[in-house]
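Contents: one structure, followed by commentary.
Just so it is clear, none of the values below were taken in a lab; they were calculated from the coordinates. Owing to the predicted nature of the structure, the values given are computational and were not obtained by experimental measurement. Quick reminder, even Gly has a Cβ in these numbers, built from the backbone with ideal geometry, and neighbours come from all protein chains shown.
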Amino acid sequence: MSCRSFEQHSHPIRLLPPCVVLIAWVLIASANVIAQVPFRIDVVDAENGWPVPLVELRTVHQMRFVSDNRGTIAIDLPELMGRETWFFVEGHGYEVNQDGFGYRGIRMTPMPGGQQQLAVVRRLPAKRLGRITGAGLFAESQRLGIETQWREQGILGCDSVQTAVYRGQLHWAWGDTNLARYPLGLFHMIGATTKIDALESLEPPVKLRYDYVVDSEGQPRVIAPMPGNGPTWISGLVSVQSQREAVERLVCCYVKIQPPLTAYESGLCVWDDSAQRFEKETTLWTRTDHDAEPPLMPDGHVTSWTDHEGLTWLLFGDPFPRLRCPATFEAWRDPNAWEALKPQADVPTADGKRMIRPHRGSIAWNAYRQKWVTVFTQWSGDASPLGELWYAEAESPTGPWQSAVQIVTHNNYTFYNPKLHPEFTPHGSAILIFEGTYTKEFAKQAVATPRHDYNQILYRLDLDAPPFSKHP
């Protein structure tokens, strides 16, 4: 074809009107927005339809997604969109059936803006309500435009909890705490208050906000900076009446820690309302070559108990009482008023076939069961060395504890220092609420769960449902 012929058959290039160009860019931008809308997965309990937090989905190429407090997962990986994808399912007590090769998982085809429900079966009695510390409690939901009113509180993770009702509020204290600004966070306890019945609902999604003790910039700060090197840990948090001053005092024990995890000093401290911190009351023990172990102290978790003679005692234990003293400030601060108790070493299972050795936990009187109840972590559990939780009952707070039932499991993950919350439920309720610390520490080369590791997880146990009888 000649040049002239080409010119005759070619179309000249034309400039599009500005309005057409604008419309084109809007359409392209809209298409990109649509393509970026995540695929939504809602993980629910097959029995009741409740959201299930802390369920992990993992792809064949090791991408991990974990459900938030709403049970929601948002997936936007471009390589998975429109492609049938296998997800392994790990739910720590919640699971799906195995396939012919023994894999537990599900196939889905993620689509931008699509949605699918994943029903998982709970294998043990306790129901997971959700995480109550840390960041991103609703992060997956918020990526989908849900729970946008939830606001972060500046904490990424924190260790075991202590609580006490003091002057009409529930006081909270946590151990070593992670912040976003640096790998080393806060190591002298942080604190907060809530109302006593702090939960809005006893069903998920759980939403628990704290009034933290903060610094001049409004950031959480330490509340127990005892003198000396290394972290400060407190326990035995309790409110007691002073007979001499006729006032209520918030008190606890402290220990100072040096690497790796060795206590070198312990003592008593008292809350200063004006300074919003604990002040040292007295040193009870300092580590020496001849005195390498701390003495018996009013530490652990605390329960009040009135005996048959009408005397009221404070019982200190973790889980079972190992020390008691009269329920006064003067007795608490006087080692001569302390009485040593011998806690039960093992608890028989309900079927009588095993003896379970407790690690840590707490006890409380339960009006519905008309018995003392306990939740504790098992030493050397099957699925995890410190991740299996048990429930047991007794006629007296000092035992004997009987009929242990496994209620929670964590697959190769630690769940230690569980704490009962009888204050969260009405008197006589069949519902028992408890929390514990979820961490990869002390597990066998566990991989940390994003956002959830080193945080507190809340569970619910219904004592009027199997395996418990309705009329104890």
Non-local Lys pairs in the chain, i.e. 8 or more apart or on different chains, that have alpha carbons under 26 Å apart:
27
Amide H contacts under 5 Å for residue 85, restricted to residues at least 5 apart in sequence or on another chain and with H modeled in the peptide plane, are 108, 109
Can you give the Kirkwood hydrodynamic radius of the stretch 234-299 from its Cα pairs, in Å with one decimal?
13.0
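How big is the C-alpha Rg of the stretch 351-421 next to the rule-of-thumb value 2.2 N^0.38 Å, as a ratio? Each step should come with its number before you reach the end.
Details: Rg = 11.9 Å, N = 71, 2.2 N^0.38 = 11.1 Å.
Output field value: 1.07.
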Mind checking the alpha-carbon convex hull of the stretch 313-472 and giving the volume per residue in Å³?
131
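Hey, any idea what the orientation-averaged projected area of the convex hull of the stretch 144-287's Cα atoms comes to, in nm²? Could you put the intermediate results ahead of the total?
Working: hull surface 45.0 nm².
Mean shadow area of the hull around the Cα atoms is 11.2 nm².
Can you give the FRET efficiency to the nearest 0.05 for residue 146 and residue 116, using r as the Cβ-Cβ distance and R₀ = 22 Å? Walk me through the numbers before you get to the answer.
Working: r = 15 Å, r/R0 = 0.70.
Efficiency at R0 = 22 Å is approximately 0.90.
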Compute for the stretch 107-175: radius of gyration divided by Kirkwood radius, i.e. Rg/Rh, restricted to C-alpha atoms, rounded to two decimals.
1.08
Longest segment of the chain with no GluC sites (Glu not before Pro) in a DSSP loop having at most 11 other Cβ atoms within 10 Å?
310-472
Fraction of alpha-carbon pairs over 22 Å apart in the stretch 29-109 - percent
28
Which three lengths, in whole Å and largest first, does the chain cover when its Cα atoms are put on their principal axes?
115, 54, 45
So if a site counts as exposed when it's one of the chymotrypsin sites (Phe, Trp or Tyr not before Pro), its DSSP state isn't H, G, I, E or B, and it has at most 15 other Cβ atoms within 10 Å, what's the longest stretch of the chain without one?
104-378
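Rounded to the nearest 500 deg cm²/dmol, what is the calculated helix-only ellipticity per residue at 222 nm for the chain, with -39500 (n - 2.57) per DSSP H run of length n ≥ 4? If you can, show how the numbers build up before the last one.
Details: 4 runs with 35 residues, N = 472.
Mean residue ellipticity, 222 nm, calculated: -2000 deg cm²/dmol.
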Cα-based helix-to-principal-axis angle, 18-36 vs the chain, degrees rounded to 10:
40
Can you compute the modelled spin-label distance between residue 431 and residue 247, with each label point 7 Å from Cα toward Cβ, in nm?
3.7
